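Step one of this worksheet: look at the structure below.
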Amino acid sequence: MPIHPVVAEVTDRIIARSRESRSAYLAQIAAAQRSGPGRAKLSCANFAHAFAALPEDGKAKMRNPTAPNLGIVTAYNDMLSAHQPYERFPDVIRAAAEAVGATAQVAGGVPAMCDGVTQGRPGMELSLFSRDVIAMSTGIALSHDAFDAALMLGICDKIVPGLTIGALAFGHLPVIFVPGGPMTSGLSNAEKARVRGLYAEGKVSREELLDAEMKSYHGPGTCTFYGTANTNQMMMEMTGLHLPGAAFVHPNTPLREALTTAAAQRAVQIIAGAEAYTPMAQVVDEKAMVNAIVGLMATGGSTNHTLHMVAIARAAGIILTWADFDDLSRVTPLIVKVYPNGSEDVNAFQAAGGMAFVIRQLLDAGLAHDDVVTVAGGGLRAYQREPFLEDGALVWRDGPAESLNLDILRPVNDPFQPEGGLRLMAGGLGRAVMKTSAVKAEHLVIEAPARVFDDQDELLAAFRRGELTEDFVAVVRFQGPKANGMPELHSLTPTLVLLLDRGLKVALVTDGRMSGASGKAPAAIHVTPEAADGGVLAKVQDGDMIRVDAVQGRLEIQVDAATLAARPAATPPDHGRGFGRELFGWMRRAAGPAEAGGSVLFEEVA
């Protein structure tokens, strides 16, 4: 199937736009390749330090400087259910490497915070910046320069993007991401949402809410709704950085262990000097990033990736804009409905055909590029296969050609929606994005008076006081990277949805984030410029008429330009201290705009 003309056009303009920066990145990678592989370049003193703590039999294995050595960068901690299984992975990887004449070492650990724990708390103001800290930590881990390839152990929200950005600085190395898989299904998403709504109305107790939440989040593995963590797993499949079908296999199962073993051994097969040498810089190119965006649209994934994919691309010298996302969304049908866009979870998605079916559909429709480099070899077509165990041996077979559950997964020619799940919004209030895949058609256009809040707690307090009884557009400002680190405003979702269910016309406009938890309530998010950086949001007042039009992609304030210009900008609240926030003041000051990824790592967007 020839590539879709819009996909081809977007790809070509990204290549043209990125020509200078991509060339500079590839030159940097070429210089690193010339420095030589693994430990062979180290002096004897450097070499001895690299394995001084090993027992004598381990030292004997490590003495050969030309034996392939794998660096492991791990985001293990046992607070994150998704990352708790990683405790065992280094031992599995070491054994797998040894079986093929290689060695493996934990090169370093990176921080891994759980947004599910910090939602609505001060720690959430560190969340986006944790991505860049993880990237820098990955750089420190790999700076030992003693590795022939690297394995990244990370799954969740900012962790996979941070690991990817950091690893791209060492793009001369082959890099494979090793997921841990989702937890088994617990309480149904419909029931969880029902109890949350009742709690928001004060109709059930905190104990009843906690009981429902514990039945939902109940074991090791990734949370099973299609939020940022599971969107990360889609992204790794679409960019060819996983082994095929690795994303959604449960932790602590024989198949998961076999995939971890296979990842380590495949890394040895693709090191420099091998016939199949596959440096990460070749995997993450312009076509791979287009594939990732198309996957985001086809699956209705997390809006956080309008930040993360931009930042990842920038780390590889590739310049993406939100217009690229919007144009690809308009030609990519929505073929997946997983909570919060639907009622079922990622385990049901996997059972219905999962990523193998999605990738087959996108390739057959000419919406994704097959001619890309992947860690598995064979282009993206390799990822329409699924892993299985046959007599204990890992094999791959073609995934299903037809959906096994049309309520979750549909073919491109019979989609849930003819377009993807994202829209670029632009107008007098700035530029923003909206996740539309779960928003009903009657809520896509709302014109109503503004109610202005400087944080989400103010809005929730107004709701509890019974003040939100008329149609309104909630303007929640001073939530961008420069103001307070751009926290997710996940706590607003149950309240906004409840107001919609009461028959009100309600929308949210904010320079903060909503993430994969964005659902039924229309939300224009990531507004740029943010209120703390000269944005018009700082001048909005209660009663100003706001139009949020996701059909036309317009975000307007119906106040004349002269009146707006004469208004003083509101003063940002002080978000700077307490709970570690004082450590990140320099990052708030250095943060680039949301459309450039909200990063502190790239001088040209700081």
Across Lys203/Lys520; Lys215/Lys539; Lys192/Lys435; Lys158/Lys287, pairs whose alpha-carbon gap is larger than 32 Å:
Lys215/Lys539
On a straight-distance basis, which aspartates and glutamates could pair with Lys440 in a cross-link, Cα separation under 16 angstrom, same-chain partners fewer than 8 positions away excluded?
Glu419, Asp501, Asp549
Straight-line reach only, C-alpha to C-alpha below 24 angstrom: list the lysines that Lys59 could link to, leaving out same-chain residues fewer than 8 apart.
Lys41
For a quick check of your reading of the filter: which trypsin sites (Lys or Arg not before Pro) in the range 372-469 sit in a DSSP loop and have no more than 15 other Cβ atoms within 10 Å?
Lys440, Arg465
One finds, for Met79 and Tyr277 with R0 = 41 angstrom and r their Cβ-Cβ distance, a FRET efficiency to the nearest 0.05 of 0.60
Compute the length gained on full extension between Ile140 and Gln552: take 0.36 nm times their separation in residues and subtract their Cα-Cα distance, giving the result in nm to one decimal.
143.8 nm
What's the magnitude of the charge dipole for the chain around its Cα centre, counting Lys and Arg as +1 and Asp and Glu as -1 at the beta-carbon? Answer in Debye, nearest 20.
720
Roughly speaking, what is the stretch gain from Arg567 to Asn64, that is 0.36 nm per residue apart minus the C-alpha to C-alpha distance, in nm to one decimal?
174.0 nm
Determine, for each peptide in 39-50, 406-417, 499-510, 124-135, the mean count of other beta carbons within 10 angstrom over its residues, then list the peptides with the highest first.
124-135, 499-510, 406-417, 39-50
For the Met1, Asp398 Cβ pair and Förster radius 25 Å, calculated FRET efficiency rounded to 0.05 is 0.90
Label zone at Ala351, where the point sits 7 Å out along the Cα-to-Cβ direction: the range 385-418 residues whose backbone N lies under 20 Å
386-389, 399-411
Pseudo-spin-label distance Leu210 to Cys44, built 7 Å along Cα→Cβ, given in nm, is 6.2
Putting +1 on Lys and Arg Cβ atoms and -1 on Asp and Glu Cβ atoms, find which of Ala50, Leu209, Leu198 reaches farthest to the positive end of the dipole of the chain.
Ala50
Dipole magnitude of the range 422-575 about its Cα centre, charges +1 at Lys/Arg Cβ and -1 at Asp/Glu Cβ only, in debye to the nearest 20?
400
Extreme residue, positive dipole direction of the chain, given options Leu241, Ala562, Ser403 (C-beta unit charges):
Leu241
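Starting from 0.36 nm per residue, how many nanometres of slack lie between Arg194 and Phe602 once their C-alpha separation is accounted for?
Once the chain is fully extended between Arg194 and Phe602, it gains 142.6 nm.
Kindly work out what percent of the DSSP beta bridges joining two residues of the range 422-575 are antiparallel, to the nearest 5.
Within the range 422-575, antiparallel bridges account for around 60 percent of the total.
Hydropathy first: keep DSSP H helices in the chain averaging at least -1.0 on Kyte-Doolittle, then drop any whose Cα extent along the axis falls short of 27 Å, and list what survives.
Details: long enough: none.
Span-like helices, by this rule, are absent here.
Each value in this text was obtained by applying a stated rule to the coordinates, not by laboratory testing. Predicted model only: the values in this text are computed from it and were never measured. Neighbour counts run over all protein chains shown; Cβ positions are idealised from the backbone, glycine included.
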